[in-house]
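Here the structure comes first, spelled out in structure tokens, and everything after it is commentary.
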Amino acid sequence: MVTKNKRETKGGFVMKIIMLGAPGAGKGTQAKQIAQAYDIPHISTGDIFRANIKEGTELGKKAQEYMDKGLLVPDELVCDLVVDRIHKDDCEKGYILDGFPRTIPQANALDEALAKDGEKIEFENIVNRMSGRRSCKDCGAIFHVQYNPPKKENCCDVCGGELILRDDDKAETVKKRLDVYHEQTAPLIAHYKEAGSLHEIDGTQDIKVVFEEIKSILG
């Protein structure tokens, strides 16, 4: 799923995008292409956590306290980190959120935080593909056995490294992740449907075809 809000400003359009979908659906792959095509940052919560902790910000210190205790970072704090990030200068033309929100409480927290600034996100849906991914163990490049296969079997096109099936992509792991997704994240579809309109794209198509359809929606 992609949820997006596009508004016009003096400098052009501001595009706010949230990537939602089941594990292995290809969110990261499409997010990187969208980011490059529209010159907006691709933001993940993991990147935000690492940056704030490394820089020693107040939000980063708070997040580190929970992480050091083996606790989940509260939704409110995650949302504060995300909102702080999307107000950086490089998000002036928009941004892509990948991996947040994951739950209804997180979505509500994001809605409330944006509303304080007179902002909101309207919603359009892209239904993504399931896994079959292979990752280069050297450079991390990602391929798909069916939709984006390497030129040479099990060999990375970028660096020539060996392609592996990550533990996260193994069938049994994906099944568990899907169970969590359907329990926690799938209800976001209904949440966002109530907030706007949904557009469905067949995510089982070739990656390039999916991206072209995404662009036709984003405009």
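The values are calculated or read from the model by the stated rules, or taken from the named source; none is laboratory data. In this text, all values refer to a predicted model and were calculated from it rather than measured experimentally. Glycine also receives a Cβ, built like all others from the backbone with ideal geometry; neighbour counts cover every protein chain displayed. Ligands, DNA and RNA are excluded from the accessible area calculation, which covers all protein heavy atoms including side chains. Shrake-Rupley method; radii C 1.70, N 1.55, O 1.52, S 1.80 Å.
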Condition check for Thr9: buried (at least 19 other Cβ atoms within 10 Å of the Cβ) and at pLDDT below 90 = no
Pairs where the first residue, in the range 80-105, is within 15 Å of His42 (Cβ to Cβ) and the second is open to solvent by 10 Å² or more (accessible area, probe 1.4 Å) and charged (D, E, K, R), C-beta under 7 Å, 6+ apart | Lys93/Asp39; Asp98/Lys27
Members of the range 127-144 that are at positive phi and either buried (at least 19 other Cβ atoms within 10 Å of the Cβ) or at pLDDT 75 or above (or both) | Gly140
Scanning the range 42-81 for residues that are part of a loop (DSSP other than H, G, I, E, B) and among the aliphatic types (A, V, I, L, M), the one nearest to Leu97 (Cα to Cα) turns out to be Val73
Restricting the range 43-62 to residues that are more than 10 Å from Asp84 (Cβ to Cβ) and among the polar types (S, T, N, Q), the residue that is surrounded by the most Cβ atoms within 10 Å (Cβ to Cβ) = Thr45
Taking the range 75-95 and keeping only residues that are open to solvent by less than 40 Å² (accessible area, probe 1.4 Å) and more than 13 Å from Ile48 (Cβ to Cβ), one is left with Gly94
